[in-house]
Amino acid sequence: MISFEKSKAVEQTQYLLKTVADNMMRPVARYFDDNEHEIPWEYIEFMHNAMKQMGSGSLVPEPDDKEKKEEKKDNKPRQTYQIMAHTIEMLSWGDGGMYLCTPRGGLGSAAIETAGTPEQKKRFLSKLGGEKPVFTAMAITEAEAGSDNSAIKCRAVLDEKTKEWILNGEKIFITAGNKAMLDSEGFIVVWATLDPEARRAGIRSFVVEAGTPGAKITKMEEKHGIRASDTVTLVLEDCRLPYDNILGSPEIERSTKGFKGAMQTFNVTRPLVAASALGIARASLEEVKAMLSERGVEIRYGLPRQKMTNLEREIVDMERMLRSSWLLCLKAVWMSDQRKPNILESAMSKLHAGDVATKITHKAVEIMGPLGYSREYLLEKWMRDAKINDIFEGTGQINRLVAARQILGYRGSQLR
Ligand SMILES: Cc1cc2nc3c(=O)[nH]c(=O)nc-3n(C[C@H](O)[C@H](O)[C@H](O)COP(=O)(O)OP(=O)(O)OC[C@H]3O[C@@H](n4cnc5c(N)ncnc54)[C@H](O)[C@@H]3O)c2cc1C
């Protein structure tokens, strides 16, 4: 049964993170927006140490002994992804760009969590708990393969003599790629094809660790929003990897099983992107209400719609969008925790939150007029930051296709 009551772990996490957001993120949010490519080390170090002290791989607090016993007794399901969603929502409320600089997490480690063997999890994820912060990233996108990732050209070939993989190709728009490869001893999970003719059936992911010869960052993007976060191009030139750096089976089956395994990462990460979008949207909505209140305008909740002012109706609509989207997100992460198949819920939560965050942050700027547009406030920044959630990890259009296929029972080839 899905429960809407916040667990003790969620409440503790939110309390801690609100302090981080208020004191370490908001005060420097404008600075890192103005100074793209500077790294918020103070925040990063703090988060790294906080996670270390909690003795966990992420900000999710380990349940205490009493809670563990209760979980066993009541057969309570895990809440890892639910807590992560609350965590990400709150950090993104603090600053969406800085949240993407949080060490340890990232798409790279999510891919290993989802598709790695127990040995690979141990080998790669244990790096995250060391003395220094470590970042991970995932590189799928290429100049001619974004939404249609079956067109991936980055090639992986096995050197039969040395039993090493040799990767060649160029990957673009990699979030946190610079931090993973140059600012820490991290890694990027790179999608490459074993056989371009095999399309999706030939695609596998490979772990490329920082310092691997032949792996070079060649470009840092200058972006519209989330400017605290780095987005880079990675060039692979005869980049040799140990045999065990492939995630999943090296056999090319006629089916797309291997590819589907890699895609499973998105079932857990898309709702988390939704959570980030909704954190930014909540920040905008709360700010507008506070600015209106300072100017003597209070929203009269509970009135019949026809008795409200247009402004009140707009604010109530923003609240409705935000809350309904959060419920979709909660359902999707709850299903991740239950290990239930959630392709549909995950795509729906992401596409809905991408839409809603874009609309709410735009509306916030519109309602406050010149104050919304001014760089004196963060509303214009949040409008820029929110949009990415409608683009990466599958655009709104692509997630609509994914959801539609699930609802109508079509395969990818039947509805594209
Ligand atoms: C800041 C930033 C960070 C990113 N981080 C990462 C990362 O960490 N790792 C990574 O691999 N990638 C990353 N990306 C890339 C991102 O995932 C892609 O840009 C996105 O998937 C879209 O792919 P594309 O750019 O090739 O656009 P295209 O696929 O060319 O799409 C262009 C437009 O056409 C639409 N479209 C495409 N196909 C269809 C269709 N069949 N039906 C309807 N509409 C369609 C799309 O929705 C979009 O509106 C990042 C991008 C940005 C901007």
Whole-Å distance, taken between Cα centres, linking the range 261-313 and the range 97-120: 28 Å
Difference of contour (0.36 nm per residue) and Cα-Cα distance, residue 143 to residue 15: 41.9 nm
Summed side-chain charge close to residue 52 - residues other than residue 52 whose Cβ falls under 11 Å, Lys, Arg +1, Asp, Glu -1: 0
Residue 367: net charge of surrounding residues, Cβ under 14 Å, Lys/Arg +1, Asp/Glu -1, itself excluded? -4
May I ask for the net charge around residue 406, where only other residues with Cβ less than 12 Å from the Cβ of residue 406 are counted and Lys, Arg are +1 while Asp, Glu are -1? +2
Counting only complete DSSP H runs, which helices of the chain cover 30 Å or more along their long axis at the Cα atoms and score a mean Kyte-Doolittle of -0.5 or above? 257-294, 310-337, 343-368
Within the range 143-275: Cβ-based charge dipole about Cα centre, in debye rounded to nearest 20 (Lys, Arg +1; Asp, Glu -1): 400 debye
Taking N as the number of residues in the range 251-370, what is its alpha-carbon radius of gyration divided by 2.2 N^0.38 Å? 1.38
The answer for residue 141, listing residues at least 5 apart or on another chain whose modeled amide H is closer than 5 Å to its amide H, is 172
Okay, helix-only estimate at 222 nm for the chain: each DSSP H run of n ≥ 4 adds -39500 (n - 2.57), divide by all residues, round to 500 deg cm²/dmol; what do you get? -16000 deg cm²/dmol
What residues have an amide H closer than 5 Å to that of residue 185, excluding those fewer than 5 places away on the same chain, when H is modeled at 1.01 Å from N in the peptide plane? 135
Kirkwood-based Rg to Rh ratio, the range 131-217, C-alpha trace: 0.99
Per the Kirkwood definition applied to all pairs of different Cα atoms, how many angstroms is the hydrodynamic radius of the chain? 22.2 Å
Contact order relative to length for the chain, counting C-alpha pairs under 8 Å separated by 6 or more residues, stands in percent at 16 percent
Using all C-alpha to C-alpha distances in the range 176-249, build P(r) with 10 Å bins and read off the rounded percent in each one. 18, 44, 29, 9
Measure up 52/179; 260/350; 52/331; 52/216; 223/381 against 21 Å on the Cα-Cα distance and list the ones that go over. 52/331; 52/216
Based only on Cα atoms, what Rg/Rh ratio does the range 90-236 have, Rh being taken as Kirkwood's radius? 0.97
Give, in nm to one decimal, the length gained when the segment between residue 309 and residue 78 is fully stretched (0.36 nm per residue of separation minus the Cα-Cα distance). 78.7 nm
Quick check: with the 1.4 Å probe, what order do 362, 48, 352 take by accessible area, largest first? 362, 352, 48
What figure in square angstrom, to the nearest 10, would you give for the accessible area of residue 93 with a 1.4 Å probe? 20 Å²
So what does log10 I(q)/I(0) come out to for the range 320-384 at q = 0.13, 0.26 Å⁻¹, using the Debye formula with one equal point on every Cα and no solvent? -0.46, -0.97
Volume in Å³ per residue [convex hull over Cα atoms, computed for the range 96-162]: 155 Å³
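The values are calculated or read from the model by the stated rules, or taken from the named source; none is laboratory data. Note that this is a predicted model, so its numbers are computed, not measured. Positions of Cβ are generated from backbone atoms using ideal geometry, with glycine treated the same way; all protein chains shown enter the neighbour counts. To get the accessible areas, we keep the full protein, side chains included, count just its heavy atoms, and leave off ligands, DNA and RNA. Shrake-Rupley method; radii C 1.70, N 1.55, O 1.52, S 1.80 Å.
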